[in-house]
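So the structure is just underneath, and the comments pick up after that.
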Amino acid sequence: MPKVKKIKTARKIKSKMKKEAKPADLPKVAVSSVSKKTPQVLRGFKDILPSEQRYWDLISSKAKALARDYGFEKIELPLLEETNLFTRSVGKETDIVEKEMFSFEDRGGERISLRPEATAQIARAYINHGMINLPQPVKLYYFGPMFRYDRPQSGRYRQFNQFGFEVLGDKHPVLDAQIVILSYNFLQELGLKVNIQINSIGCPICRKEYKVQLVNYYKTQKADLCPDCKLRLGKNPLRLLDCKEEKCQAISEDAPQIVDWLCEDCKNHFVKVLEFLDELEIPYNLNSHLVRGLDYYTKTVFEIWPVDEGEPKKAQNALGGGGRYDNLIELLNGRPTPAVGASIGIERIILKIKEANIEPPAEEKIDIFVAQLGESAKRKALALYEILRKEGIKIAENFSKDGLKNQLEAANKLGVRYALILGQKELSEGTILLRDMEGGVQETLNYNKAVKEVKKRLEK
Ligand code: HAM
């Protein structure tokens, strides 16, 4: 019969280690001589520290609740995609694709990019997974990081997070309205003052005619346009309308407005979207200069701007944006599928929440702090901790500390109601101390009855 090796007890291992103990001869850790500077986080990226988490929890739980209320299911998409997906959908001549993508060749020589946005991915996933065969519309939401090589400044990062929601497979204007309403409610219910900016950029047919009018107008003003706008005139004339340069903004004031050029279908669609918003008394601003920076949009486009002291802030720091993209899925070789969606920037909302002094709800209170004195008590306390946790009691500890003062201070900081204290004396007597942290009154409990007793007190 093969010999079964006995499992050694901790005590046996310890005594063996004592006998064999030799002065430590640890290998030296190699330190690179190239750079001894402490590595820093990349520009435009940031760590989200524990103290920030309550804001993230607040927003992600709100996003989840809202997605449920409006019937959206969660989808998680990869952070890397073929570069080509974004070039085709967001548009070759957009700022995002031209200037802001993190793109590189992988080891197999394929051009890939960190996703700058997720709508293109949603369209890809819809085609790849044959979602056209599901009952339509398909309603999906996502929450996660996007990457854009933007110029970092307040509210503008190179890695940022979006909560996004997309409805695919239905062209009814009520869905455009519902996407606007969801975005608005999300921000309003977080306590933020916001303003909706809305426009229609028509379909490729009516937009073509409008672009001719737009170019004709701007050509007469060419000498006064900024260098970027001079280029836009040839490449992407719609973007002339939302240039941030003051000179160009003044010129845009008198530019032809797209609503005057919408075809019958696009006009009717837009009117219906607005009627649905009116029905719910959702306030909005018709903004004929709003064109958005992504090429896939058709018909409705909108942004949500923060309102500071009564004035809606400029589009540069929009909290969210979206619109309809009826041709995107077909453009990626899927069957024609109308769609509409939006996404909201989480970091920007957190900045606004802080500016408005909105406090996320306090963390759940801890009920019991388990304190211990001495090695044997520590072992027993460790086991007691597990029992309390499994009973569903909210607990905390500081087992690496030995002094009782330190531990009680930690308990006080957490604002716990009771501390259970185990020392040598209690251990030998089979008892435990229960300390009321408010009054400091202590009483001795039978160790075996302690959990039951504590539960009874917490219920009071
Ligand atoms: P977007 O307007 O490019 O739209 O981004 C949506 C939101 O993401 C912005 O309103 C902003 O809050 C946030 N955001 C964008 N860039 C940054 C940045 N560099 N730093 C921090 N936050 C940023 C889209 O991405 C579309 N996919 C929205 C959509 C969904 N359209 C239809 N469905």
Rounded to the nearest 500, what is the 222 nm mean residue ellipticity of the chain from helices alone, with -39500 (n - 2.57) per DSSP H run of 4+ residues and division by all residues? -11000 deg cm²/dmol
Gap separating the Cα centres of segment 410-435 and segment 264-308, nearest whole Å: 61 Å
Segment 185-248 to segment 336-375: how many Å between their Cα centroids? 35 Å
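According to the square roots a ≥ b ≥ c of the eigenvalues of the Cα gyration tensor, what is the shape class of segment 189-256, taking rounded for a/c under 1.5, prolate for a/b larger than b/c otherwise, and oblate for the remainder?
On the way: a/c = 2.58, a/b = 1.46, b/c = 1.77.
In terms of gyration-tensor shape, oblate.
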Calculate how many DSSP beta bridges within the chain are antiparallel, expressed in % of all such bridges and rounded to the nearest 5. 80 percent
On C-alpha positions alone, give me the angle between the axis of helix 53-69 and the longest principal axis of the chain, in degrees, nearest 10. 60 degrees
Calculate how many DSSP beta bridges within segment 357-449 are antiparallel, expressed in % of all such bridges and rounded to the nearest 5. 55 percent
What does the charge add up to near Ala223, with Lys and Arg as +1, Asp and Glu as -1, over the other residues with Cβ less than 11 Å from its Cβ? +3
In terms of the alpha carbon gyration tensor, root eigenvalues a ≥ b ≥ c, rounded if a/c is under 1.5 and otherwise prolate when a/b exceeds b/c or oblate, segment 257-402 is prolate
In debye to the nearest 20, the charge dipole size for segment 66-168, taken about the Cα centre with +1 at each Lys and Arg Cβ and -1 at each Asp and Glu Cβ, equals 140 debye
Cα long-axis angle, helix 375-390 against the chain (0 to 90 degrees, to the nearest 10): 50 degrees
Solvent-accessible area per residue for the chain at a 1.4 Å probe radius, Å²? 58 Å²
Rounded if a/c is under 1.5, else prolate if a/b is larger than b/c, else oblate: which is segment 34-191, with a ≥ b ≥ c the root eigenvalues of its Cα gyration tensor? oblate
Show which aspartates and glutamates lie in cross-link reach of Lys449 when reach means a straight Cα distance below 13 angstrom and same-chain residues fewer than eight apart are skipped. none
Using a 1.4 angstrom probe on heavy atoms only, work out the carbon and sulfur share of the accessible area of the chain in %. 51 percent
For the chain, alpha-carbon Rg and Dmax in angstrom: 30.5, 99
Considering Cα pairs under 8 angstrom that are at least six residues apart, work out the relative contact order of segment 96-198 and quote it in whole percent. 21 percent
Can you tell me the orientation of helix 404-414 relative to the chain, as the angle in degrees between its alpha-carbon axis and the longest Cα principal axis, to the nearest 10? 30 degrees
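The values are calculated or read from the model by the stated rules, or taken from the named source; none is laboratory data. Computed from a predicted structure; not experimentally measured. So basically every Cβ, Gly included, is an ideal-geometry build from the backbone, and we count neighbours across all protein chains shown. The protein model used for the area step is the full one, side chains on, heavy atoms only, and it has no ligands, DNA or RNA in it. Shrake-Rupley method; radii C 1.70, N 1.55, O 1.52, S 1.80 Å.
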